[in-house]
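I have placed the structure first, in the form of structure tokens, so that the comments after it can refer back to it.
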Amino acid sequence: MKSRKFVLIASLSMLAIPAMVSAQTAAKPKLSASAIQIAMVEAGDIQIPAEFRFAVYERLVERVRASGTFQKVYRTGDHAADAVTDLVTLHTKVEGFKEGSQTKRELTTVFGATKVDVAASVTARDGRVLMDQKITGRVRFFGENLGVTNDLAKRITKLVGETF
Amino acid sequence: MKLTTTLIVALGAASLAPAQTATSSSPGTTTAANPNVRHVIGLDTIQRNATGKLMVQDGALQFTTGKAENKIAISAIDDIFIGTETTQSGGKTGTAVKTAAIAAPYGSGKALTIMMRTKVDILTVAFHDPDGAVHGAIFALPIGQAEQMRSQLMQAGAHASLSEEKASDGSKP
């Protein structure tokens, strides 16, 4: 009798799992916007070389365009974006930067990683925050320190793609 | 005695002459091309990591590869930054050699990592297009040449904030 009850409970709970998963999925509906404007990477008080800021910005424009999530991708300052009513803006603010060493990375594979911590957020025209998350970009083994910008842009683009 | 003095003076003048010419002409010329410049990112019509010539000509910063060309109007330049980066020498061949060296026994291939290091200047040019959209073109130049290029651009009328003269003083090797 006891074993029958156990089997019944187990079967019911297994049936409930997909329902729970679909409920969770349903709880996060994707947002929609026809266009996005990529704002220039803000450094705040963090000392980060200009080439890193511009490389993140350029790679973000490139990757978000390639992702096809939005019909139009505008750069910061683009006057053409002014007329778009459902425009959203991607902001990236640097919260931490550690410049590593490519030689150390390749010799030790443990030390010398370059790391950039950012807060990425997407806001609507009315200022509503549609997405806000902290992301870390890293270059661990091979490649120039500037390679961290590619990793970061890849992660941010993935996150934006999951939201829109 | 007189002959010796004349010879010393003549030799001294001869050795000084080329150095002075090089110093005075380098920042002044607006057409001097920087060969072996690598385009890191930022120019729409040029592939990433393409190597070419960077020069200031006809009121524009011009980057030319064998296949393509891109011009940035001097008047569109908003700022210029200089930094440094340590990278791998040898271009694509260098990458292939280093990848092959990974398979070398007892990690001996890692010695190549040290030998194949080269320091480059990073020149970042912030500019805007006719719609006002901000762009950033990043170039890797042979060490010591970014400052020269920056001077040429500024002499040609490009805007550059002096407060941020050095974007990064020296990346770790």
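Rule-based calculations on the coordinates, nothing more; no lab input. None of the values given here were measured: they were computed from a predicted structure. Here Cβ is always computed from backbone atoms with ideal geometry, including for glycine, and neighbour counts include all displayed protein chains.
Summary of computed values
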{"quantity": "Charge sum, other residues only, whose C-beta stays under 12 Å from A:Glu58's C-beta, Lys/Arg counted +1 and Asp/Glu -1", "calculated": "+3"}
{"quantity": "In sequence order, calculated HN-Hα J values of segment B:126-132 (Karplus, 6.51, -1.76, 1.60; Hz; x Gly/Pro)", "calculated": "8, 8, 10, 8, x, 7, x"}
{"quantity": "Solvent-free Debye scattering, log10 I(q)/I(0), computed from the Cα coordinates of segment A:22-124 at q = 0.11 Å⁻¹", "calculated": "-0.47"}
{"quantity": "Per-residue HN-Hα couplings for segment A:53-58 [Karplus 6.51, -1.76, 1.60; θ = phi - 60°; Hz; x = Gly/Pro]", "calculated": "5, 5, 5, 4, 4, 5"}
{"quantity": "For segment A:63-76, Karplus couplings with θ = phi - 60° (6.51, -1.76, 1.60), whole Hz, Gly/Pro x", "calculated": "6, 5, 4, 5, 5, x, 5, 10, 5, 10, 10, 9, 8, 5"}
{"quantity": "Neighbouring partner chain Cβ atoms per residue of B:138-144, average, 10 Å criterion", "calculated": "2"}
{"quantity": "Above-threshold pairs, the threshold being 25 Å between Cα atoms, out of A:Lys30/A:Lys158; A:Lys30/A:Lys154; A:Lys72/A:Lys158; A:Lys98/B:Lys119; A:Lys134/B:Lys71", "calculated": "A:Lys134/B:Lys71"}
{"quantity": "5 angstrom amide H check on B:Thr84, placed H, neighbours 5+ away", "calculated": "B:Ile122, B:Ser168, B:Gly170, B:Ser171"}
